[in-house]
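Reading through the structure tokens given below for one structure.
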Amino acid sequence: MNASTEDIKGKKGNELSQKKIVLGITGSVSAYKAADIARDLIRHGATVYAVMTPSSQKIIHPNLIQWATGNDVVTELTGKIEHIQFTSGSQKADALLIAPATANTISKIAKGIDDTPVTSYASSALGSGIPILIAPAMHDTMISQKIVQDNIEYLKTLGVQFITPVMEEGKAKLANEETITEAVISSLSPKDMQGRHVLITGGPTLEYIDPVRVITNMSSGKMAVSLAKVAKRRGADVTLVYGQGVASPPQGIKLIKVKTAEEMYEGVEKELLSLSYDLVIATAAVTDYSPDKVQNVKLRTSEIPRLTLQLHATPKIVRMVKERSPSTKLIIFKAEHRVTQQELIKRAKEALMESKADMAVANDVGKKETGFGSDNNEVFIIKQNGKVIHVPLSTKDEVASSIIDEALRIED
């Protein structure tokens with residue numbers, strides 16, 4: 001491993017471990033972001049090789065890209081026939097990512113014109129069946145004109161995946177590196193959930209005391225977002241009923257935003273009655289209690305120095321799932337705070353039986369490294385047959401993959 005990448009490889013996860021990605025860089029001003037894209041791919045385990053057009057080298061120097069990737073950069077095709085090396089044989093790449101891609105390069109690829117290293121790589125990749133992802137970046141007058149749109153649509157018919165740019169300030173700006181990396185991971189993930197409908201609840205709910213004060217909890221929603229992301233990567237049609245989490249849901253899913261426990265209950269119930277879901281994953285940290293009476297105006301401490309609240313239990317969403325949709329597989333989460341491992345598993349088993357769930361996931365939010373808001377988690381998966389599977393401390397995306405793996409084995 002090159003010294004410039006050894007400290008970061010796999011730091012965000014290993015979804016792209018053992019994967020070789022060729023990064024094509026063209027002459028958009030967004031070429032300056034190519035180094036960040038390469039580094040993000042490496043942080044997810046990838047090995048990255050870059051190829052640059054002559055125009056891109058006027059914007060960003062190949063030396064920076066060599067440092068960012070830890071590998072030599074292809075700036076011209078030589079007698080080594082570099083574009084063939086990476087599209088066939090033992091050195092064959094797993095994907096070609098062109099980011100940024102100009103209108104010029106997109107149109108050349110569509111018309112089979114190979115006059116730059118990037119277009120030659122693309123032509124060879126098309127001929128060898130290597131996945132191609134293109135992240136456009138140009139002015140909106142260019143991306144919206146018919147010739148470019150026709151070329152994009154034609155390339156899509158050939159299986160080329162386009163990563164939607166951000167439209168603002170009269171420009172089709174390059175998607176951020178996280179979005180681009182996620183597209184690469186998704187394209188290379190197994191599609192073992194293709195055709196399945198998955199409903200996930202996530203984030204905290206809140207209960208109003210008055211118009212500005214609420215009862216809630218510290219859940220970030222990150223675990224639910226990771227599960228939605230992983231299920232989508234693997235081909236599922238995903239619906240996320242999402243409370244007040246701070247984590248950003250992935251693109252390409254159905255998102256239902258809610259605030260209160262009642263709204264989440266109604267949202268889940270409506271979905272279960274309208275669509276046949278194969279799997280429900282109840283990750284949300286639903287507020288357990290709600291005030292009997294919600295004040296219509298803000299309470300003033302000068303008038304009410306001491307406040308007593310009467311609370312009632314909120315409805316249990318997990319108990320409703322099997323009643324509304326008996327054939328749906330149900331996975332529940334059981335969060336505890338600073339309990340022994342034995343007690344954690346015991347309480348998860350009890351919750352599993354009470355909710356008639358098919359699987360439970362237990363975690364201790366009292367630990368610093370796995371508490372609310374952490375990017376990591378450590379869980380115990382409890383199956384109906386009593387089997388307990390320990391998922392050691394990992395990123396939440398990796399934990400989500402383990403949960404999905406076990407979910408697919410529920411029927412076994």
Of those in region 45-72 that are buried (at least 24 other Cβ atoms within 10 Å of the Cβ) and under 21 Å from the mean Cα position of the chain (by Cα), the residue farthest from D114 (Cα to Cα) is A46
Any residue that is surrounded by fewer than 23 Cβ atoms within 10 Å (Cβ to Cβ), touching a Ser or Thr at 6+ places or on another chain (Cβ under 6 Å) and under 14 Å from V160 (Cβ atoms) - is there at least one of those in region 109-120? no
Would you mind stating whether T116 is over 14 Å from L158 (Cβ atoms) and under 30 Å from the mean Cα position of the chain (by Cα)? no
Restricting to region 48-87, name every residue that is of a type in the set (G, A, S) and free of Cβ contacts under 8 Å to residues at least 12 places away in the same chain. G79
Tabulated pairs, region 129-149, first assigned by TED's automatic domain parsing to the domain that holds I37 and over 19 Å from G27 (Cα atoms), second in a loop (DSSP other than H, G, I, E, B) and not β-branched (V, I, T), C-beta under 9 angstrom, 6+ apart or interchain: G129/G159; I130/F86; I130/K92; I130/A93; I130/D94; P131/D94; P131/G159
Tell me, please, whether a residue that is over 21 Å from the mean Cα position of the chain (by Cα) and surrounded by 24 or more Cβ atoms within 10 Å (Cβ to Cβ) can be found in region 31-44. yes
Residue pairs qualifying under the 6 Å Cβ cut-off, at least six apart or on distinct chains, with the first in region 35-46 being outside the structural domain of G24 (by TED's automatic domain parsing) and part of a helix (DSSP H, G or I) and the second being buried (at least 21 other Cβ atoms within 10 Å of the Cβ) and among the β-branched types (V, I, T), are none
Inside region 225-279, the number of residues satisfying the requirement of being farther than 18 Å from T395 by Cα, in contact (Cβ under 8 Å) with a residue 40 or more places away in the chain and of a type in the set (S, T, N, Q) is 5
Scope region 247-286; condition of a type outside the set (V, I, T) and in a loop (DSSP other than H, G, I, E, B); matching residues: A247, S248, P249, P250, Q251, G252, K259, L275, S276, Y277, D278, A284
The condition of being of a type in the set (G, A, S), in the same structural domain as E76 (by TED's automatic domain parsing), part of a helix (DSSP H, G or I) and touching a residue at least 40 places away in the same chain (Cβ under 8 Å) holds, among S90, S124, only for S124
Does T157 meet the test of being modelled with pLDDT of 95 or more, surrounded by 21 or more Cβ atoms within 10 Å (Cβ to Cβ), out of contact with any Pro (no Cβ under 9 Å at 6 or more places or on another chain) and among the polar types (S, T, N, Q)? no
Hey, which of the helices (runs of 4 or more DSSP H) in region 305-412, taking only ones fully inside, have at least 1 residues that are touching a strand residue (DSSP E or B) at 6+ places or on another chain (Cβ under 6 Å) and of a type in the set (S, T, N, Q)? 341-355, 396-407
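The values are calculated or read from the model by the stated rules, or taken from the named source; none is laboratory data. Values in this document were obtained by computation on a predicted structure and should not be read as measured data. A quick note on method: Cβ atoms are made from the backbone with ideal geometry, for glycine too, and the neighbour counts reach across all protein chains shown.
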